[in-house]
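Trainee: Quick one: structure below, then a few questions.
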Amino acid sequence: MKACLGVDVGSVTTKLALLDESDELVSHVYLLTQGRPIDAVQQGLRDIRKQLPQDVDINGVATTGSARYLAGVIVGADLVKNEITTHAVAALHYYPDVQTIIEIGGQDSKLTVVRDGIVIDFAMNTVCAAGTGSFLDHQALRLDMSIQELSQRALTSQTPVRIAGRCTVFAESDMVHKQQMGYRVEDILYGLCQALVRNYLGNVGLGKELEPPIIFQGGVAFNQAIVRAFREELDTEVIVPIHHEVMGAIGAALMAHEEMATNNGISQFKGFEQSEVKYHASSFECKACPNRCEVAEISQDGQTLARWGGRCDMWERVSSTQLYSSEEIK
Amino acid sequence: MTTVGIPRALLYYQYYPMWKTFFEHLGAEVVVSPPTTRKTLTEGASRVVADTCLPAKVFVGHTVSLVGKCDCIFIPVIRSLKSKTYNCSKFLGLPDMTRAVVPEAPPILEIEIDINRGKRRLYQDIYKLGRHFTWNPLKVKEAATAAWQSLLDYRELMYRRELILPQAMEEITGESQTGLNMILKSQTVPPTTIGLIGHAYLLYDEHINYQLIRRLQQYDATVVTPEMLPGNIIEASVNKLAGKAYWTYEEEVVGAGGHFLESGVDGIIGIMAFGCGPDSLMMDMVHRHATRQKTTPFMCLTLEEHTSETGVITRLEAFMDMIHRRKQKGEAVCV
Ligand code: SF4
Ligand code: SF4
């Protein structure tokens, strides 16, 4: 079986998706990154391998997400794409007439505006986390409940409490205040979900026209209470794709397929055996100029595979053989 | 011989050739601080209150790096260049702010340019500045005339020969403008034209904008900047979009933005500093027009010290993808 692989390494979760030649989803995995993207990618490769037939032949592989360059080195990516584009490509694949794509992940959130099958505008949260998954995770932690429980209980709310949720700190103090005033927990929880949605629409969605059909994807779309809050706030249907949490990886796989088809290339994929290789990731401060860049490097058996993070390309050019002579500026 | 230090920040980008000519004609030597690095920025940021805008922090960092390398530092204040337009208040207090936060700095040479006070006053002020170097008014006059001419030449290089500001600066001053060497792999994508809007000190400081222009060129984009547009054209589009200009450097944002929207570039990228009052108003105006017009993609990047490089690059990549896919699709329809 010929197939294309998409790998999406985000700050909170890592997703892999495998599509066959007709772009049907064959299998996918979803696991936590836990601050160790290399391990997560290797574990993901192992997990997905188990689900696949023996004869699978990887024809193309693309990486996406915030650790896309690192992941690209490990798997041998044919294409490295930003997550805004891959999410849009996946959404358009399943819903060709989509006009708005809401995507909320653990640490970031995005909004993509599509008209006539073309992305015409997008926005991404900058520094504020109040419109992302971590906002709810944080509150769930405080209330000592799982995010699933939070979502279930919030769904039963009849008369939500308005939580001032402009930022995580304010939301927290306001929530404590509302608890003390004796409001029902369900109503407070749903109030939090509404606060997240308002934050999202007020930050990322500011000045954008959110026309239906609206697709809601990313890990936070698991949370039915948030879906409900979006529906109520936007007063329209909000579609959650079945594989909403792996859409980035699916988009990457689709683009890998497209890329390989147009260029007729041979995949750089390093094989599933890569999951057993020991990689070593480290970083150092370059002292060659006052920029003092934090340069990251990844090596295998003492061989440097790649370096990045410098403001200039000096480290990308230094090959591993030259390493010793450059030791003094490290 | 007196050495005049010039911080490579804020107004440097637009006026350096003029200043250099002026001081050199008066027999002074000119030194410019080296390109911005992380050190410049942390040094500057550590000396001013936290909510100072990024370009002003960079400016302070550059003045610090000039200490010990010159006999005086030149900090002009541009109040107004046209009747009833005003400059951002950050510019007006630069000399005083510098004295306060960089006490070890050598004496500061100032000149205040305010066209509202009349030409006579301007000439007097130029003479006063020149008197630090010579008592001969004719020499000052000659230096000022030569300086003005080099500014005109510099501008002409940009809008007639379409050189990007650093290239024009290199050509006219013979001084290399690049701090970093970055050989970028070019990508196989359809060529595009991207209009940039924003102040020169944001567009051309490669450290604070993450080498924006080079990254765009790597995508085979032809970059058009506000300085490449003739003055009368952008002035006209300011009037069209905003009525009458209020800010001194409104042309760089609203004027250029309005012109790009009309002339049909493939995309417009606006660069502004976080917490900048004038820019947030002006960018918003361009954004609203772009939204209404619906044909030209617009993206505004906000820079501050804590902006993550990945975030900026992701946005830039997505923006270019958007334009490329749009083009491909458009061509597919035409065929
Ligand atoms: S990587 Fe390049 S820019 Fe960064 S400190 Fe080293 S020499 Fe300077
Ligand atoms: S216009 Fe904005 S960026 Fe420029 S100095 Fe003023 S506040 Fe700073």
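Trainee: Give me the residue from the range B:190-214 that is more than 14 Å from the chain's Cα centre (by Cα) and open to solvent by 10 Å² or more (accessible area, probe 1.4 Å) and, out of that set, nearest to ligand 2 (Cβ to nearest atom).
Mentor: B:Y210
Trainee: Okay, next question. If you check B:I113 against the conditions, is it more than 20 Å from B:N232 (Cα to Cα) and under 19 Å from the mean Cα position of the chain (by Cα)?
Mentor: So B:I113 passes the test.
Trainee: Out of the range B:7-29, which residues are of a type in the set (A, V, I, L, M, F, W, C) and not in a loop (DSSP other than H, G, I, E, B)?
Mentor: B:M18, B:W19, B:F22, B:F23
Trainee: Then there's this: Please count how many residues of the range A:278-302 are exposed (fewer than 13 other Cβ atoms within 10 Å of the Cβ), touching a strand residue (DSSP E or B) at 6+ places or on another chain (Cβ under 8 Å) and either among the hydrophobic types (A, V, I, L, M, F, W, C) or under 23 Å from A:G44 (Cα atoms) (or both).
Mentor: Looking only at that region, the number is 2.
Trainee: Right, next: Would you pick out the residues in the range B:261-289 that are facing chain A (nearest Cβ under 9 Å), more than 16 Å from ligand 2 (Cβ to nearest atom) and either more than 24 Å from A:N82 (Cα to Cα) or loosely packed, with under 15 Cβ neighbours inside 10 Å (or both)?
Mentor: The answer is B:R288, and nothing else.
Trainee: When the residues of the range B:51-80 are filtered to those that are assigned to a loop (DSSP other than H, G, I, E, B) and within 14 Å of ligand 2 (Cβ to nearest atom), which remaining residue is farthest from the other protein chains (Cβ to nearest Cβ)?
Mentor: The extreme case among them is B:T52.
Trainee: Take residues that are within 13 Å of the chain's Cα centre (by Cα) and tell me which of the strands (runs of 3 or more DSSP E) falling wholly in the range A:1-107 contain 3 or more.
Mentor: Of the strands (runs of 3 or more DSSP E) lying wholly inside the range A:1-107, those with at least 3 residues that are within 13 Å of the chain's Cα centre (by Cα) span A:2-9, A:13-20, A:25-32, A:100-104.
Trainee: Starting from the range A:287-306, keep only residues that are touching a residue at least 24 places away in the same chain (Cβ under 8 Å) and part of a loop (DSSP other than H, G, I, E, B), then list their pairs with residues that are away from ligand 2 (no atom under 16 Å from the Cβ) and among the β-branched types (V, I, T) whose Cβ atoms are within a distance under 6 Å, requiring at least 6 positions of separation or different chains.
Mentor: Going by the 6 Å Cβ cut-off, the qualifying pairs are A:K287/A:I329; A:A288/A:I329.
Trainee: Just give me the residues in the range B:150-167 being in a helix (DSSP H, G or I), without any contact (Cβ under 8 Å) to a residue 60 or more places away in the chain and farther than 16 Å from B:L203 by Cα, in sequence order.
Mentor: B:L152, B:E156, B:L157
Trainee: Residues of the range B:119-148 being open to solvent by 70 Å² or more (accessible area, probe 1.4 Å) and touching a residue at least 60 places away in the same chain (Cβ under 8 Å), which ones?
Mentor: Answer for the range B:119-148, where residues must be open to solvent by 70 Å² or more (accessible area, probe 1.4 Å) and touching a residue at least 60 places away in the same chain (Cβ under 8 Å): B:H132, B:K139, B:E142, B:W148.
Trainee: Could you tell me which residue of the range B:293-312 is farthest from A:A67 (Cα to Cα), considering only residues that are in a helix (DSSP H, G or I) and at the interface with chain A (Cβ under 8 Å from one of its Cβ atoms)?
Mentor: Here is the first cut: in the range B:293-312, the residues in a helix (DSSP H, G or I) are B:293, B:309-312.
With the extra rule that they be at the interface with chain A (Cβ under 8 Å from one of its Cβ atoms), the set shrinks to B:310-311.
Working: B:T310: 9, B:G311: 12 Å.
This residue is B:G311.
Trainee: Out of A:A195, A:A164, report the one residue that is open to solvent by 10 Å² or more (accessible area, probe 1.4 Å) and not hydroxyl-bearing (S, T, Y).
Mentor: Exactly one residue qualifies, and that residue is A:A164.
Trainee: When you scan the range A:226-246, do you find a residue that is under 18 Å from A:R142 (Cα atoms) and within 22 Å of the chain's Cα centre (by Cα), even just one?
Mentor: Among the residues of the range A:226-246, not one is under 18 Å from A:R142 (Cα atoms) and within 22 Å of the chain's Cα centre (by Cα), which makes the answer no.
Trainee: Take B:V4 and tell me if it is open to solvent by less than 20 Å² (accessible area, probe 1.4 Å) and not in a loop (DSSP other than H, G, I, E, B).
Mentor: On the way: open to solvent by less than 20 Å² (accessible area, probe 1.4 Å): yes; not in a loop (DSSP other than H, G, I, E, B): yes.
So B:V4 fits the description; yes.
Trainee: So which residues in the range B:178-205 are at pLDDT below 90, within 16 Å of ligand 1 (Cβ to nearest atom) and either of a type in the set (G, A, S) or more than 20 Å from B:G267 (Cβ to Cβ) (or both), if there are any at all?
Mentor: B:T178, B:G179, B:L180, B:N181, B:M182, B:I183
Trainee: Answer yes if at least one residue in the range B:30-40 is more than 16 Å from ligand 1 (Cβ to nearest atom), within 14 Å of chain A (Cβ to nearest Cβ), touching a Lys or Arg at 6+ places or on another chain (Cβ under 9 Å) and not in a helix (DSSP H, G or I), and no otherwise.
Mentor: As a first pass, look at the range B:30-40 and keep what is more than 16 Å from ligand 1 (Cβ to nearest atom): B:30-33.
Of the ones still in play, those that are also within 14 Å of chain A (Cβ to nearest Cβ) are B:33.
When the remaining residues are screened for being touching a Lys or Arg at 6+ places or on another chain (Cβ under 9 Å), the result is B:33.
Applying the additional criterion that residues be not in a helix (DSSP H, G or I) yields B:33.
Taking every residue of the range B:30-40 in turn, at least one turns out to be more than 16 Å from ligand 1 (Cβ to nearest atom), within 14 Å of chain A (Cβ to nearest Cβ), touching a Lys or Arg at 6+ places or on another chain (Cβ under 9 Å) and not in a helix (DSSP H, G or I).
Trainee: Which residue is nearest to ligand 1 (Cβ to nearest atom), if the candidates are limited to the range B:69-84 and must be out of contact with any Pro (no Cβ under 7 Å at 6 or more places or on another chain) and hydrophobic (A, V, I, L, M, F, W, C)?
Mentor: B:F74
Trainee: Determine the pairs where a residue that is within 14 Å of chain A (Cβ to nearest Cβ), located within the range B:90-118, has a partner that is more than 15 Å from ligand 2 (Cβ to nearest atom) and open to solvent by less than 80 Å² (accessible area, probe 1.4 Å) with Cβ atoms under 9 Å apart, the partner being 6 or more residues away or on another chain.
Mentor: none
Trainee: All but one of (1) within 21 Å of A:V12 (Cβ to Cβ); (2) among the hydroxyl-bearing types (S, T, Y); (3) more than 18 Å from the chain's Cα centre (by Cα) hold for A:Y200; which doesn't?
Mentor: (3)
Trainee: Checking B:G93 against (1) more than 16 Å from ligand 2 (Cβ to nearest atom); (2) more than 30 Å from B:Q211 (Cβ to Cβ): exactly one of these is not met. Which one?
Mentor: If we test B:G93 against (1) more than 16 Å from ligand 2 (Cβ to nearest atom); (2) more than 30 Å from B:Q211 (Cβ to Cβ), just (1) comes out false.
Trainee: Would a scan of the range B:242-257 turn up a residue that is away from ligand 1 (no atom under 16 Å from the Cβ), open to solvent by less than 10 Å² (accessible area, probe 1.4 Å), in contact (Cβ under 8 Å) with a residue 24 or more places away in the chain and more than 22 Å from B:L152 (Cα to Cα)?
Mentor: The answer is yes, given that some residue of the range B:242-257 is away from ligand 1 (no atom under 16 Å from the Cβ), open to solvent by less than 10 Å² (accessible area, probe 1.4 Å), in contact (Cβ under 8 Å) with a residue 24 or more places away in the chain and more than 22 Å from B:L152 (Cα to Cα).
Trainee: Let me ask something else. When the range A:29-55 is examined, which residues are found to be without any contact (Cβ under 8 Å) to a residue 24 or more places away in the chain and of a type outside the set (A, V, I, L, M, F, W, C)?
Mentor: Listed by number, the residues that qualify are A:Q34, A:G35, A:R36, A:D39, A:K50, A:Q54.
Trainee: Residues being open to solvent by 40 Å² or more (accessible area, probe 1.4 Å) and within 13 Å of chain B (Cβ to nearest Cβ): count how many of those fall in the range A:53-91.
Mentor: 3
Trainee: Sticking with this structure for a sec: Looking at A:V26, A:V12, A:V61, A:V7, can you tell me which residue is within 25 Å of A:Y94 (Cβ to Cβ) and without any contact (Cβ under 8 Å) to a residue 60 or more places away in the chain?
Mentor: Within the list A:V26, A:V12, A:V61, A:V7, the selection yields A:V26.
Trainee: Sticking with this structure for a sec: Determine, yes or no, whether B:L229 is within 12 Å of another protein chain (Cβ to nearest Cβ) and surrounded by 21 or more Cβ atoms within 10 Å (Cβ to Cβ).
Mentor: It is false that B:L229 is within 12 Å of another protein chain (Cβ to nearest Cβ) and surrounded by 21 or more Cβ atoms within 10 Å (Cβ to Cβ).
Trainee: Determine which single condition A:Q268 fails, assuming it passes every other condition in (1) more than 16 Å from ligand 1 (Cβ to nearest atom); (2) more than 13 Å from every other protein chain (Cβ to nearest Cβ); (3) surrounded by 17 or more Cβ atoms within 10 Å (Cβ to Cβ).
Mentor: (3)
The values are calculated or read from the model by the stated rules, or taken from the named source; none is laboratory data. Keep in mind it's a predicted model, so treat the numbers as computed, not measured. No Cβ is skipped: glycine too gets one built from the backbone with ideal geometry, and neighbour counts run over all protein chains shown. Areas reflect the complete protein model, heavy atoms only, side chains present, ligands, DNA and RNA absent. Shrake-Rupley method; radii C 1.70, N 1.55, O 1.52, S 1.80 Å.
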